[in-house]
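Inspection log for the structure reproduced underneath, given as structure tokens.
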Amino acid sequence: MSRFTELALAAALALSAGATLAAGKYEGIGRSATPAEVKAWDIDVRPDFTGLPPGSGSVDRGMEVWESKCASCHGTFGESNEVFTPIVGGTTKEDIEKGRVGAYIRGDAPQRTTLMKVATVSTLWDYIHRAMPWNAPKSLSADDTYAVLAYILNLGEIVPADYVLSDKNIAEVQKRMPNRNGMTTKHGLWDVKGKPDVKNVACMKNCKTQITLGSSLPDYARDAHGNLAEQNRVVGPVRGQKTGAPAAPAAKPHPALELMKKHGCSGCHGVGSKILGPAFRDVAQRYKGDKSAESGLAARIRNGGSGAWGDVPMPPQAQVSDADVDALVKWILSGSPEN
Amino acid sequence: MSQPPVRPGRIRRAPEGFLTPEQIGEVAAGRRDFLRNAFVAATAVAAGSGVARAADGDPAILTLPEHSTTLGRPVAERPYGTPSQYEAGLKRRESPGLTRVAAASVSFAPLQGLFGIITPSGLHFERHHQGWHDIDPARHRLMVNGLVKEARVYTMDDLMRLPSVSRIHFIECGANTGMEWGNVAVPTVQYTHGMLSCSEFTGVPLSVLLDDCGIDMKRAKFVLAEGADGSSMTRTIPLDRALDDVLVAWGQNGEMLRPENGYPLRLVVPGIQGVSWVKWLRRIEVGDQPWAAKDEAIHYIDLLPDGTHRQYTSIQECKSVITTPSGGQTLLDRGFHNISGLAWSGRGKIKRVDVSTDGGKNWRTARLETPVLSKALTRFNIDWVWDGSPAILQSRAMDDTGYVQPNYAQLREVRGTRSIYHNNAIQSWKLAESGDVSNVQVY
């Protein structure tokens, strides 16, 4: 903490202590927040960089953080579309110069990436710091946040590979954001009293001569939402249409599948496919014949850990009962049967 | 469970495997007598009873059922009630392929089966950015800081001691109907319009809290609302909005908020898209500039034909949709039908709803059910006799500013075809001779 910050905090403390005397208008309700409390929660960063803490991070350091904490969802180069939409891609050197993304103007962008949309670099810093990594929000230090952001900006060729991003130079980076001039607030959809931009009139008779069916639901889309008959009431003026694949005879799902859902395991693990953590069947495969696997996995569920399957950490799950842990581990090691 | 037909000529969908293809052809050709006889025969087999009984009358009347001849279940057997087992089909559902991670996903309210204007709390649509939590209210805090005389902290006990108000408002996700911007994409009203719900919310006006903290009215222009979940969702709200009808709410439909809807505290921002109704609300900061938070700088921005994005678009403009009958449903009969649906406007009250059954050539004005409340769902109804010919059903709402819900051509002319958010175009449902209703777009 800088000398200046200490002084500012002391001043704030004195101010708030004084203000407490003139506390709220509802007697006995609420209290003044301490400076430490405000500091703990007041994490927002605005486009004018108010709220941005001091610190710095290099592209190289950012790559390390990225590979251990971000790449599993966003891909090594920020281009993955597997879990979330891509962060990087679709911008050019010309866009950086002009501050407008040409792909939008031409209309040939196959997908909108984060760097194609975001106009303010503060937004990225703020969100990474408050909400990332996905499975452990708010765990990145300020320096690591600068570093990760530097890495993303480098992937977008907004900063060079030897760049060190900091609170001192971030305003310079803002001048290179590819879509910085592509955002407008000149419209009537912010203010309740704003002026609408589409105008229809309430014609009542002979309003058109011809009806053109421009778009109908393709068969695959009709069937993609399962059996609509089961999504409607069984009494009344209508019934749902029978759609989707014919229902297979219902085999009873394995009780462990319920446990897995109940304890939130399915957020990170698939039965047969990797999500953030390994697929359960891959776990069973690895520990085949290992007599200590049962106790080891139980401890891993309870205490968390990292390293065994890459660097994405497994958070501790202290809330899961021993019986449930036991049932889950046995089920996983038996190959995760679905029935 | 399935009952035999009781009205002569009533067309019901045949049970699976009950009719041969030839017989289905006869039904399609309108041979109703044939159908009745076939049903009578089939029910006789199914019920193990004679044809004679069907001739005497309806077995549902003539044979006393178990529930009239046995002891029922005791009070409080289900201390927090649940719907009838026969209502299991109506529930929140995800749209396959829409999102890839369940904790950052959306579930849709089953509008096709709801009555009136209140959404049951358990069917209220969900949209989470980093998963939901069930937060201990004893440990939850709300902080107000920024351009105020004194930054203050409130417990839930504190907040619930303050003078509260209860108001009915709709909440609609800015992306509701977004999948239909370019073309028809989903089959039913649950998926086209189901990121929409309406509840009675109870809480304290945000203005009371801002006043309690001594808001600096000279410098304050905006507030930031922030959630307590992993994503700590933040949204900017202009000060005149924040001081108007915005609530810091804990109650929903007479009970506490459901965890999926922000228990124990959420912001209610009437008329504004759902993302601004920050759930698990932990902090309000008063400032003099908007924040350009992630969900107002990367998502919830509208891409226009000229390649610019509109930022801070947030009003949910006047919109309506017919819910009965709607896509994916089949009308059981010709004859009288009550066409019913929902209308709403983020700018005020619904003034009028017109309904067309011929694809927008001619319109009739529907009845509005009371109450008609500002920034709340309004239920409309209109009588209609279906003669069995194909039809295209549409509804068109008007609010008390005089704004008329636009059609797709008008909306796309201004906003192009690449947008996602704030699609309030007139919805069309095509009714075929078979009674099947499907989702179409009409130009």
_Whole-number Å³ per residue for the convex hull built on Cα positions in the range B:276-412_ = 181
_Net charge contributed by nearby residues that have their C-beta within less than 14 Å of residue B:264 (K/R +1, D/E -1)_ = -1
*When the helix-only estimate is applied to the protein assembly as shown (DSSP H runs of n ≥ 4, each -39,500 (n - 2.57), divided by the residue count), what is the mean residue ellipticity at 222 nm, nearest 500 deg cm²/dmol?*
-6500 deg cm²/dmol
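For the range A:269-311, what value does the Rg/Rh ratio take when both radii are computed over Cα atoms and Rh is the Kirkwood radius, given to two decimals?
0.95
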*Please state the relative contact order of the range B:311-369 as a whole percent: Cα pairs under 8 Å, 6+ residues apart?*
31
*With contacts defined as alpha carbon pairs under 8 Å and 6 or more residues apart, what's the relative contact order of chain A in percent?*
14
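Taking the Cβ-Cβ separation of residue B:211 and residue B:78 as r and a Förster radius of 45 Å, what is the calculated FRET efficiency to the nearest 0.05? Spell out each step's value before the answer.
On the way: r = 43 Å, r/R0 = 0.97.
After rounding, the FRET efficiency stands at 0.55.
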*Provide a whole-number value for the mean count of partner chain Cβ atoms within 10 Å of the Cβ atoms in peptide B:276-285.*
1
*Express the Stokes-Einstein translational diffusion coefficient of the protein assembly as shown in µm² s⁻¹, to the nearest whole number, given a Kirkwood radius over alpha-carbon pairs, 25 °C and a viscosity of 0.890 mPa s.*
84
_DSSP bridge orientation in the protein assembly as shown - percent antiparallel, rounded to nearest 5_ = 90
*Count the net charge of all other residues whose Cβ sits under 11 Å from the Cβ of residue A:232, scoring Lys and Arg as +1 and Asp and Glu as -1.*
+1
_To the nearest hundred square angstrom, how large is the accessible surface buried between A and B, total for both chains, probe 1.4 angstrom?_
9500
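Looking only at Cα atoms, what is the convex hull volume of the range A:65-170 per residue, in Å³?
Per residue, the Cα convex hull of the range A:65-170 comes to 97 Å³.
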*So how long is each side of the range B:221-331 along the principal axes, counting just the alpha-carbon atoms, biggest first, in Å?*
54, 47, 29
_Square roots of 5 times each gyration tensor eigenvalue, C-alpha, chain A, largest first, Å_ = 40, 37, 27
_Output wanted: per-residue J couplings in Hz (rounded whole) for the range B:121-138, from phi through Karplus 6.51 cos²θ - 1.76 cosθ + 1.60, θ = phi - 60°, x for Gly and Pro._
4, x, 10, 4, 4, 10, 8, 10, 9, 8, x, 9, 10, 9, 8, 5, x, 5
*Volume per residue, Å³, of the convex hull around the alpha-carbon atoms of the range B:118-248?*
141
*Find how many whole Å separate the alpha carbon centroid of the range B:72-146 from the alpha carbon centroid of the range A:292-339.*
29
*chain A - accessible surface per residue (Å², probe 1.4 Å)*: 53
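In µm²/s, what is D for the range A:23-65 at 4 °C and 1.567 mPa s, where D = kT/(6 pi eta Rh) by Stokes-Einstein and Rh is the Kirkwood radius from Cα pairs?
On the way: Rh = 14.0 Å.
Answer from the Stokes-Einstein relation: 93 µm²/s.
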*If one computes the Cα centroid of the range B:240-282 and of the range B:159-232, what distance in Å separates the two points?*
5
*Debye sum, Cα scatterers, the range B:336-382, no solvent: what log₁₀ I/I(0) at q = 0.15, 0.16, 0.26, 0.28 1/Å?*
-0.39, -0.44, -0.93, -1.01
_Normalised by the empirical 2.2 N^0.38 Å for globular proteins, what value does the Cα Rg of the range A:118-256 take?_
1.85
*To the nearest Å, what is the center-to-center distance of the range A:133-156 and the range B:376-410, using C-alpha atoms only?*
49
*Are there cysteines in the protein assembly as shown with no other Cys C-beta under 4.7 Å, and if so, which?*
A:70, A:73, A:265, A:268, B:173, B:198, B:213, B:318
*Can you give the Rg and Dmax of the range B:369-443 based on its C-alpha atoms, in angstrom?*
15.1, 40
*Where does the charge balance sit around residue A:320 when Lys and Arg score +1, Asp and Glu -1, over other residues with C-beta under 11 Å from its C-beta?*
-1
*In µm²/s, what is D for the range A:215-339 at 10 °C and 1.306 mPa s, where D = kT/(6 pi eta Rh) by Stokes-Einstein and Rh is the Kirkwood radius from Cα pairs?*
92
*Can you work out the accessible area per residue across the range B:291-438, with the rest of the protein chains kept in place, probe 1.4 Å, in square angstrom?*
28
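The values are calculated or read from the model by the stated rules, or taken from the named source; none is laboratory data. Predicted model only: the values in this text are computed from it and were never measured. Here Cβ is always computed from backbone atoms with ideal geometry, including for glycine, and neighbour counts include all displayed protein chains. Heavy atoms of the whole protein, side chains included, go into the accessibility calculation; ligands, DNA and RNA do not. Shrake-Rupley method; radii C 1.70, N 1.55, O 1.52, S 1.80 Å.
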